[in-house]
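Trainee: Dropping a structure here in structure tokens format, bear with me for questions.
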Amino acid sequence: MDYVTALFNVALLASAIRVTMPILLASLGAVYTERSGVVNIGLEGIMIMGTFFGAVGNYAVDNRFPALAHAWPDVAPLAGVVAAIVVGVLFGLIHGLMTITFRVDQIISGVALNLLAGGLVRFLNILLFEKATQSPGVRGFTSLDVPFLKNIPALGPLVTGISPMILVGLLCVLLSQWVLTRTRFGLRLRAVGEYPLAADTLGVSVYRQRYAGVMLSGAFAGMAGAYLAIEQAHLYFEGMTQGRGFIALAAMIFGNWWPLGALGASALFGYFDALSLRVVRLPVPYQFISVLPQIVTILVLAGFVRRAQMPAADGVPYTKEEE
């Protein structure tokens, strides 16, 4: 009974919600890019850029405009999130330029982004802070309580003192599901990921839709990185993403390329990630618990990937007939 309590106590579930968010945000980005037909394994690198520029944007506003930051405490972390999103979109644009316009192999382009991000962040950190692996501390958003729900004993600990970015992330899931199923943009995005030639014949710009999908993936991955730096660690340090960009890809696949599915899969991975971060009294070595997120990722992919229904043109470069 003690083991069951340890595995499902409220504190662990609250921690799982917090650590789920970066995986969820990055997996939403993966949904958009792969629904458009472009594989982006560079999400890990974009998250790395998001962690760094999230901390830099936060630190810059807090130190350059102290009066504004004092009057509005959330302006500094908001600036960090915006900076991370902008950099994420730029990296997504680079990936799109390589894979959509120049038709570079999408896997190679993604690997190049990951390598570029790791080296570039270290160089910039030395340039700005005279340190190789860590930034100064930054402030987070003012925590929120969810009205009405906080008065329910079973839910109170889960909905009090939470980050506004958690609510934004959940809203993005619902909005993304609606966009992909109910809007013209979403239907066109899915069309170019399934039958790009037919979409092109009907006047839909395959290149434009794919660029939009890749840039959206960069925006969400950048936001995921900003969440890690601003809301979890309150600073940037090297290696803080810990492969979450790749786990987000697994969550997207397990979620069958849909936002709501990605939410469920991210929650599963987030739970085991939270479990690995907490000292739980279980009759197994802690070293095994620490690698649970990676083990679960491998098992889920091994058991599910054969049944997954990926977009038909996912990963396939498109060339107009007249070209």
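Trainee: Search region 199-252 for residues being of a type in the set (S, T, N, Q) and without any contact (Cβ under 8 Å) to a residue 12 or more places away in the chain, and hand back the single one that is farthest from residue 168 (Cα to Cα).
Mentor: Residue satisfying both the conditions and the ranking: 201.
Trainee: Of (1) modelled with pLDDT under 80; (2) in a helix (DSSP H, G or I); (3) of a type in the set (A, V, I, L, M, F, W, C); (4) under 17 Å from residue 15 (Cα atoms), residue 280 satisfies all except one. Which?
Mentor: Just one mismatch for residue 280, condition (2).
Trainee: Can residue 157 be described as more than 29 Å from residue 258 (Cβ to Cβ) and assigned to a helix (DSSP H, G or I)?
Mentor: Against the criterion (more than 29 Å from residue 258 (Cβ to Cβ) and assigned to a helix (DSSP H, G or I)), residue 157 qualifies.
Trainee: Still on this structure, I have one more. Taking residue 105, is it closer than 30 Å to residue 317 by Cα and among the acidic types (Asp, Glu)?
Mentor: Against the criterion (closer than 30 Å to residue 317 by Cα and among the acidic types (Asp, Glu)), residue 105 qualifies.
Trainee: If you take the residues of region 160-204 that are modelled with pLDDT under 95 and of a type in the set (S, T, N, Q), which of them is nearest to the chain's Cα centre (by Cα)?
Mentor: Result: 163.
Trainee: Can you pull out every residue in region 39-53 that is surrounded by 24 or more Cβ atoms within 10 Å (Cβ to Cβ) and outside any helix (DSSP H, G or I)?
Mentor: 40, 42, listed by residue number.
Trainee: Please report, ordered by residue number, the helices (runs of 4 or more DSSP H) entirely within region 54-138 with at least 3 residues that are modelled with pLDDT of 95 or more.
Mentor: Fully inside region 54-138 and qualifying: 75-96, 106-129.
Trainee: Moving to a separate point now. Is there any pair linking a residue in region 22-43 that is at negative phi to one that is at pLDDT 95 or above and basic (Lys, Arg), with Cβ under 6 Å and at least six apart or on different chains, and which?
Mentor: Within 6 Å, the pairs are 35/190; 36/210; 38/210.
Trainee: Can you confirm whether region 138-147 contains a residue that is among the aromatic types (Phe, Trp, Tyr), surrounded by 16 or more Cβ atoms within 10 Å (Cβ to Cβ), closer than 19 Å to residue 30 by Cα and touching a residue at least 12 places away in the same chain (Cβ under 8 Å)?
Mentor: No.
Trainee: Report every pair of residues separated by at least 6 positions or lying on different chains whose Cβ atoms are under 7 Å apart, first residue within region 306-323 and basic (Lys, Arg) and at pLDDT below 90, second part of a loop (DSSP other than H, G, I, E, B) and surrounded by fewer than 17 Cβ atoms within 10 Å (Cβ to Cβ).
Mentor: Cβ pairs passing all conditions: none.
The values are calculated or read from the model by the stated rules, or taken from the named source; none is laboratory data. Given the structure is predicted, the values throughout are model-derived calculations rather than measurements. Virtual Cβ from ideal backbone geometry, glycine too; neighbours counted across all protein chains shown.
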